[in-house]
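Written out below as structure tokens is the structure these notes cover.
The values are calculated or read from the model by the stated rules, or taken from the named source; none is laboratory data. Bear in mind that the values here come from a model prediction, so they are computed numbers and not experimental data. So basically every Cβ, Gly included, is an ideal-geometry build from the backbone, and we count neighbours across all protein chains shown.
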Amino acid sequence: MTALLEVEDLRVAYGKIEAVKGISFSVEAGQVVTLIGTNGAGKTTTLRTLSGLLKPSGGKIHFDGQVLNGTPAHKIVALGMAHSPEGRHIFPRLTIAENLQLGAFLRNDKAGIEKDIQRAYDLFPILGERRKQAAGTLSGGEQQMLAMGRALMSQPKLLMLDEPSMGLSPIMMQKIMATISELKAQGTTILLVEQNAQAALSLADHAYVMETGTIKLSGTGQDLLHDESVRKTYLGED
Ligand code: ATP
């Protein structure tokens, strides 16, 4: 089976500084794959490049049978990749319902859009309760839910989540991770970037450890959860 996403020797530079130095990884349909690693490892840069927000300086990205070669971001959304960015970037003055509708900007099937908004409310009931409120009034965790709900509105084949647990309380973090498991159970393919290695490895089918722009280690989530070097470096064990 060919993978839904296949990244080959990807390189990305900011001016002369290479932030991603030739990484290769793949995501099969139906899998949750995680990229973990410390600050500055190049995880966000990788996701932004896959989304078409940054241009690679080398390598290849194959997605759903196509090669993405300078493909603009909106076309990549149309091909089926959605990105819930680090820091969420919701529209604070718009209502929750309006934020969700924006996630469907490429669609014109009104009934289908309504159905998917309802699905977001089923997944995150708090969003349904507050649908008419300005999104800026939501807590950080609720804004994270909205960012995920909005990304799902494009009916993606691949959902990319950048640090969904960042800045959240432990309880809210558990809720977000439980939702990722639920999405997985529903068949959603997910590429998850996380600094919370324990949570990410626990639910990932496959995981890659990034360090200073390279992939240092890869394996199943369970393998890496039990790997001694990962435990020392990323899970805070002596
Ligand atoms: P974080 O969790 O902090 O976002 P990360 O693994 O996602 O970490 P990136 O944000 O991808 O890492 O950053 C990778 C490297 O690229 C870092 O050294 C960072 O300082 C650098 N970098 C990121 N954005 C820019 C930019 N706009 N201009 C120049 N350098 C940048």
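For the reader, a short list of remarks on this structure follows.
- In the set Glu182, Glu142, only one residue is surrounded by fewer than 17 Cβ atoms within 10 Å (Cβ to Cβ) and either in contact (Cβ under 8 Å) with a residue 12 or more places away in the chain or not in a strand (DSSP E or B) (or both); that residue is Glu182.
For (1) over 21 Å from Gly213 (Cβ atoms); (2) of a type in the set (D, E, K, R); (3) under 18 Å from the mean Cα position of the chain (by Cα), each residue gets a yes or a no:
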| site | (1), (2), (3) |
| --- | --- |
| Lys16 | no, yes, no |
| Val20 | no, no, yes |
| His74 | yes, no, yes |
| Leu79 | yes, no, yes |
| His89 | yes, no, yes |
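- Of all residues in region 23-45, those satisfying the criterion of being more than 7 Å from the ligand (Cβ to nearest atom) and either part of a helix (DSSP H, G or I) or surrounded by 16 or more Cβ atoms within 10 Å (Cβ to Cβ) (or both) are Ile23, Phe25, Ser26, Val27, Gln31, Val32, Val33, Thr34, Leu35, Ile36.
- Qualifying residue in region 46-65 (condition: in a loop (DSSP other than H, G, I, E, B) and more than 16 Å from the ligand (Cβ to nearest atom)): yes
- For region 210-238, filtered to residues that are at pLDDT below 90 and not in a helix (DSSP H, G or I), the residue that is nearest to Ser57 (Cα to Cα) is Leu235.
- Only listed residue being away from the ligand (no atom under 16 Å from the Cβ), charged (D, E, K, R) and outside any loop (DSSP other than H, G, I, E, B), chosen from Glu6, Glu18: Glu6
- Against the conditions (1) in a helix (DSSP H, G or I); (2) in contact with a helix residue (DSSP H, G or I) (Cβ under 9 Å, 6 or more places away or on another chain); (3) surrounded by 15 or more Cβ atoms within 10 Å (Cβ to Cβ), Arg107 satisfies every one except (1).
- Filtered by the rule that a residue be within 30 Å of Ile17 (Cα to Cα) and charged (D, E, K, R), region 165-224 gives Glu194, Glu211, Lys216.
- Leading residue by the ranking (farthest from Arg107 (Cα to Cα)) among those in region 74-91 that are in contact with a helix residue (DSSP H, G or I) (Cβ under 7 Å, 6 or more places away or on another chain) and among the charged types (D, E, K, R): Glu86
- All positions within region 58-80 that are of a type in the set (S, T, N, Q) and surrounded by 14 or more Cβ atoms within 10 Å (Cβ to Cβ): Thr71
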